[in-house]
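Peer 1: Sending over a structure as structure tokens; questions will come in a sec.
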There are 2 protein chains.
Amino acid sequence: MARATVQDVARTAGVSVGTVSRVLNGSPAVSESSKAKVAAAIRHLNYRPLASARDLRRDRTMRILALAKNLYSPVISEVFRGAGDAAALSGYVTLIAPTAGDMEREQQLVDMLRNGSVDGLIMFSPTMPDDDVEEMAEQLSVVQVCEIADAEAAFGVSIDDRQAAFDITRHLIRTGGRRLAMIGTRVARSGRLREEGFRRAVAEAGLSPDHMLFTDGDFDFHAGRHLARELLGMRPLPDAVFCGSDTVAAGCVREISDAGLRVPGDIAVAGFDDSIQAEMCVPELTTIRQPAYAMGQLAFEALLARMTEPEGYRRGRTFLPHELVVRDSTNG
Amino acid sequence: MARATVQDVARTAGVSVGTVSRVLNGSPAVSESSKAKVAAAIRHLNYRPLASARDLRRDRTMRILALAKNLYSPVISEVFRGAGDAAALSGYVTLIAPTAGDMEREQQLVDMLRNGSVDGLIMFSPTMPDDDVEEMAEQLSVVQVCEIADAEAAFGVSIDDRQAAFDITRHLIRTGGRRLAMIGTRVARSGRLREEGFRRAVAEAGLSPDHMLFTDGDFDFHAGRHLARELLGMRPLPDAVFCGSDTVAAGCVREISDAGLRVPGDIAVAGFDDSIQAEMCVPELTTIRQPAYAMGQLAFEALLARMTEPEGYRRGRTFLPHELVVRDSTNG
DNA sequence: CACTTCTTTGGAATCGATTCCAAACATTAC
DNA sequence: GTAATGTTTGGAATCGATTCCAAAGAAGTG
């Protein structure tokens, strides 16, 4: 049973293809009787307009693509949920694909924008070099979210990572931290900004960071444990650690606890993101809340503007407010 | 600067569109000189074949779609990673979309298969009724993974949920459990199968379940806490709880610990999935390992068979072996 | 009733890449 | 040199939905 086409529907309904198409697209210039005949034929043939033919003719797909390195991330999933909901309101379907940090895979997915498989692209954690992202964002309908290639040139939505890291580090110091350490990543630009914020807060307090630990690989629970173990072998032992994510902070807390030290009694630990992991951790984590869902929504709005207003795109990034959430992993 | 077409390339290269297309598709019947001229023109015009035109002509997209209720799940993300890697080996792109448990959204995404936006569909956690899934799987290139609508009729890949739940419940009993409880979900078919396995193991030991708690909503850390709190108010207090997922088990463990009871001393807790959450939990969870990545790979293989061998599809599901992983949340 | 105006319709042209067929050209064989 | 074979090429037809234009039909006006 081959696929029915608009021709088949027209024949069955006894009208022309033009009329069928008009019914399909809700044109007002169709009589009730034609509308009924066409509707009956469509039902009878179980007809669906072929997407590729429609897309070819209309020169758009009403689909967007969202890319990130991986999917199992509280922030990423929430950002994409926000983007997806916003997109749905405007009639767009949001498709998601993980790049696995593989440049080739990422390039292939970006090509889906270049070859018109989708109308727009939301980039979370690019693998390609910053310059490439910028160049791409310059000429295509691309918006970055959270991880933003460069200050002014790029299009994107994020929090002020530097300020957020500054705020939470200051909290660590205010609550007694004197020997400060950081566990972070330099793979992501946001990671580098958080490092800056941390350093700035430490310096402003007249201190200097005791230990800075970074990974260039995964940034997950295991990484948190490994880096924390390394940290516990160093002297002086820190009394406060800022971690670049809740999940890493959870690994860090776990390692400290397993070593027989107390959090926050011996070492205070701060996370980042205010994800569910912050609540699952014992003790619950002091962290920075990122408005992930709203960031996703805004990212789509920005993308929509880029897609529909050819030249009217708003260059530069949009910052959303973050929030310090104080829980039990830092001192009262 | 409008998009270049195959016509433009032909004109620039001084050849016909046929030749351009042949170069594009690596046909051997092209002279070296034409090949070079076309390649130069393509580079010069920065030409990319338009996906919709190609798809229309070729009647396939080399894209598949993977659906699940949500993305922030250790099992789902791992299954889709396996499917995505397997698909890439065969030249397919895997796109992922969350349905958010919304029937309308799910229907719209399934329509992408019906209208030829993608060539195949992998379904993780359907929202539509089982019968609808079956009917769909009957006539379209659809494969289910983990959650499988019905025993023999459907196409899919999963573990034997009933047996797995049986195995881990038996372990709870062997290690001293006498007053058994279960925290599960009946939304997913796998949840119902796990309930069966639990009941069977309890019955086989000559016991009967003391408490069965189910949620019809989310099945996450918070749900685990809430249901565990309810459980702690019941009498007799259980001495062993089987949870339908690691994340829920983590919530359960947390609630028990917060109530001043010890895991596993007072109450043993078992999870399901062997996700990272099992390791993050304190104590680490005894659980069932699902070979999620392999399940994803196999799901794609099955889908590929359905897509390419029109009538040669293997009806019925494929079972992969699970494994009991004993850790510290159950007694020695 | 003739004429204008409005609604509805049919059908050809179009979107851009692929593919098939026939023709042009080159090569080898006799 | 001609025939037979093989290689390369051009270009029209095709995929299926949309849209524009002209025309048919209906309704209203004087």
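Peer 1: Report the local net charge at A:L71: Lys and Arg +1, Asp and Glu -1, summed over other residues whose C-beta lies under 15 Å from its C-beta.
Peer 2: Values: positive: A:K69, A:R81, A:R105, B:K69, B:R81; negative: A:E78, A:D102, A:E106, A:D218, A:D220, B:E78, B:D85.
Result for the neighbourhood of A:L71: -2.
Peer 1: Calculate how steeply helix B:32-45 sits against the longest principal axis of the alpha-carbon atoms of chain B, using the helix alpha-carbon long axis, and give the answer as 0 to 90 degrees to the nearest 10.
Peer 2: Helix B:32-45 and the main axis of chain B meet at about 70 degrees.
Peer 1: Please work out the Cα center distance from region B:39-70 to region A:255-269, rounded to the nearest Å.
Peer 2: What the calculation gives is 53 Å, centre to centre.
Peer 1: Rounded to the nearest 500, what is chain B's calculated 222 nm mean residue ellipticity when only DSSP H runs of at least 4 contribute -39500 (n - 2.57) each, over all residues?
Peer 2: Numbers: 13 runs with 153 residues, N = 332.
Helices in chain B give a 222 nm mean residue ellipticity of -14000 deg cm²/dmol.
Peer 1: With only Lys, Arg, Asp and Glu charged, each at its Cβ (+1 for the first two, -1 for the last two), find how big the charge dipole of the protein assembly as shown is about the Cα centre; round to the nearest 20 debye.
Peer 2: That gives a dipole near 1560 debye.
Peer 1: Continuing with this model, one more query. Find the Cα radius of gyration of chain B, compare it with 2.2 N^0.38 Å by division, and give the number to two decimals. Please report the intermediate quantities before stating the final value.
Peer 2: On the way: Rg = 25.5 Å, N = 332, 2.2 N^0.38 = 20.0 Å.
Rounded to two decimals, the normalised Rg is 1.28.
Peer 1: Expressed as an acute angle from 0 to 90° and rounded to the nearest 10, what is the orientation of the C-alpha long axis of helix B:103-114 relative to the principal long axis of chain B?
Peer 2: Long axis of B:103-114 versus the principal axis of chain B: about 40 degrees.
Peer 1: What aspartates and glutamates does A:K37 reach when the alpha-carbon gap must be under 20 Å and sequence neighbours fewer than 8 apart in one chain are set aside?
Peer 2: A:D8
Peer 1: GluC sites (Glu not before Pro) within region A:206-314: which are DSSP loop residues with at most 13 other Cβ atoms inside 10 Å? Could you put the intermediate results ahead of the total?
Peer 2: Details: sites: A:E230, A:E255, A:E279, A:E284, A:E301, A:E311; in loops: A:E284, A:E311.
For GluC sites (Glu not before Pro) across region A:206-314 that sit outside H, G, I, E and B with at most 13 neighbouring Cβ atoms in 10 Å, the list reads A:E311.
Peer 1: Given C-alpha coordinates of region A:104-244, what is the ratio Rg to Rh with the Kirkwood estimate of Rh?
Peer 2: That ratio is 1.08, to two decimals.
Peer 1: Within 10 Å of each Cβ of A:52-59, how many other protein chain Cβ atoms are there on average? Could the numbers behind the result be given before it?
Peer 2: Numbers: counts 15, 6, 5, 8, 8, 2, 1, 3.
Partner Cβ neighbours, averaged per residue: 6.
Peer 1: Also: Whole-Å semi-axes of region A:161-290's equivalent ellipsoid, largest first, each the root of 5 times a Cα gyration tensor eigenvalue?
Peer 2: Working: eigenvalues 65, 55, 41 Å².
The answer is 18, 17, 14 Å, longest axis first.
Peer 1: Also, quick follow-up: Quick one: label points 7 angstrom along Cα→Cβ at A:A305, distances to the other copies in nm, smallest first?
Peer 2: With the label placed 7 Å along Cα→Cβ, A:A305 yields 5.1 nm.
Peer 1: Over region B:1-134, with the other protein chains present, what is the accessible area per residue in square angstrom, probe 1.4 angstrom?
Peer 2: On the way: 6150 Å² over 134 residues.
Computed with neighbouring chains in place, this is 46 Å² per residue.
Peer 1: Let me ask another. Quick one: check the C-alpha center-to-center distance for region B:130-207 versus region A:156-190, whole angstrom.
Peer 2: 45
Peer 1: Given chain A, what percent of its DSSP beta bridges are antiparallel, to the nearest 5?
Peer 2: Numbers: 3 of 37 bridges.
Within chain A, antiparallel bridges account for around 10 percent of the total.
Peer 1: Quick one: net charge around A:Y47, please, counting Lys, Arg +1 and Asp, Glu -1 for every other residue with C-beta under 11 Å from its C-beta. Mind dumping the intermediate values first?
Peer 2: Working: positive: A:R3, A:R43, A:R48, B:R114; negative: A:D8.
Around A:Y47, the surrounding residues sum to +3.
Peer 1: Could I ask something else about it? Shortest first and in nm to one decimal, what separations exist between A:A294 and its copies in the other chains, measuring from label points 7 Å along the Cα-to-beta-carbon line?
Peer 2: So the distances to the same position in the other copies read 4.6 nm.
Peer 1: Compute, for chain A, the length of the dipole vector about the Cα centre, with Cβ point charges of +1 (Lys, Arg) and -1 (Asp, Glu) only. Units Debye, rounded to 20.
Peer 2: Values: 38 positive and 45 negative charges, 267 e Å.
The dipole magnitude comes to about 1280 debye.
Peer 1: Roll a 1.4 angstrom probe over the protein heavy atoms and tell me the percent of accessible area of chain B that is carbon or sulfur. Before the final figure, lay out each step's value.
Peer 2: Numbers: 6770 of 14000 Å².
On chain B, the fraction of accessible area on carbon and sulfur atoms equals 48 percent.
Peer 1: Based on the mean of other Cβ atoms within 10 Å per residue, sort peptides A:193-200, B:140-147, A:178-185 so the most packed one is first. Write out the running numbers ahead of the final one.
Peer 2: Numbers: A:193-200: 21.2, B:140-147: 24.5, A:178-185: 23.0.
Highest to lowest by the protection proxy: B:140-147, A:178-185, A:193-200.
Peer 1: Give me the net charge for the shell around A:D274: Cβ to Cβ below 12 angstrom, other residues only, Lys and Arg +1, Asp and Glu -1. Provide the component values of the computation, followed by the final result.
Peer 2: On the way: positive: A:R289, A:R327; negative: A:E78, A:D246, A:D273, A:E279, A:E284, A:E323.
That works out to -4.
Peer 1: Let me ask another. State, in square angstrom and to the nearest 100, the accessible area buried between chains B and A, both chains counted, probe radius 1.4 Å.
Peer 2: On the way: alone 15990 and 16030 Å², together 28050 Å².
Buried area between the two chains comes out at roughly 4000 Å².
Peer 1: Something else now. Which residue, A:V143, A:T19, A:G233, has the largest displacement toward the positive end of the dipole of chain A when charges sit on each Cβ (Lys, Arg +1; Asp, Glu -1)?
Peer 2: Value computed over the given set: A:T19.
Peer 1: Please compute the average number of Cβ atoms from other chains found within 10 Å of each residue's Cβ in peptide A:68-76.
Peer 2: Shielding by partners across A:68-76 averages 4.
Peer 1: A further question follows. Using a 1.4 angstrom probe on protein heavy atoms only, which residues from region A:229-261 are buried by at least 40 Å² of accessible area when all chains are present rather than their own chain alone?
Peer 2: Correct list: A:R254.
Peer 1: Okay, next question. Taking N as the number of residues in region A:1-147, what value does Rg over Cα atoms divided by 2.2 N^0.38 Å take?
Peer 2: Numbers: Rg = 20.0 Å, N = 147, 2.2 N^0.38 = 14.7 Å.
Here the Cα radius of gyration is 1.36 times the empirical estimate.
Peer 1: Quick one: putting +1 on the C-beta of Lys and Arg, -1 on the C-beta of Asp and Glu, what dipole do you get for region A:161-290 around its Cα centre, in Debye to the nearest 20?
Peer 2: Numbers: 17 positive and 19 negative charges, 90 e Å.
Computed about the Cα centre, the dipole is about 440 debye.
Peer 1: With no solvent and one point on each alpha carbon, what is the Debye value of log10 I(q)/I(0) for region B:6-49 at q = 0.23, 0.30 Å⁻¹?
Peer 2: Calculated log10 I(q)/I(0) at the listed q: -0.64, -1.11.
Peer 1: Å³ per residue of the Cα convex hull, for the protein assembly as shown?
Peer 2: Details: hull volume 120.9 nm³, N = 664.
Dividing the Cα hull volume of the protein assembly as shown by its residue count gives 182 Å³.
Peer 1: Can I ask one more? Compute the acute angle (0 to 90°) between the alpha-carbon long axis of helix B:221-232 and the principal axis of greatest extent of the alpha-carbon atoms of chain B; round to the nearest 10°.
Peer 2: 20
The values are calculated or read from the model by the stated rules, or taken from the named source; none is laboratory data. Fair warning: this is a prediction, and the values are worked out from it, not measured in the lab. Cβ coordinates were reconstructed from backbone atoms using ideal geometry, including for glycine residues, and neighbour counts include every protein chain displayed. Surface areas here come from the heavy atoms of the whole protein model, side chains and all, with no ligands, DNA or RNA. Shrake-Rupley method; radii C 1.70, N 1.55, O 1.52, S 1.80 Å.
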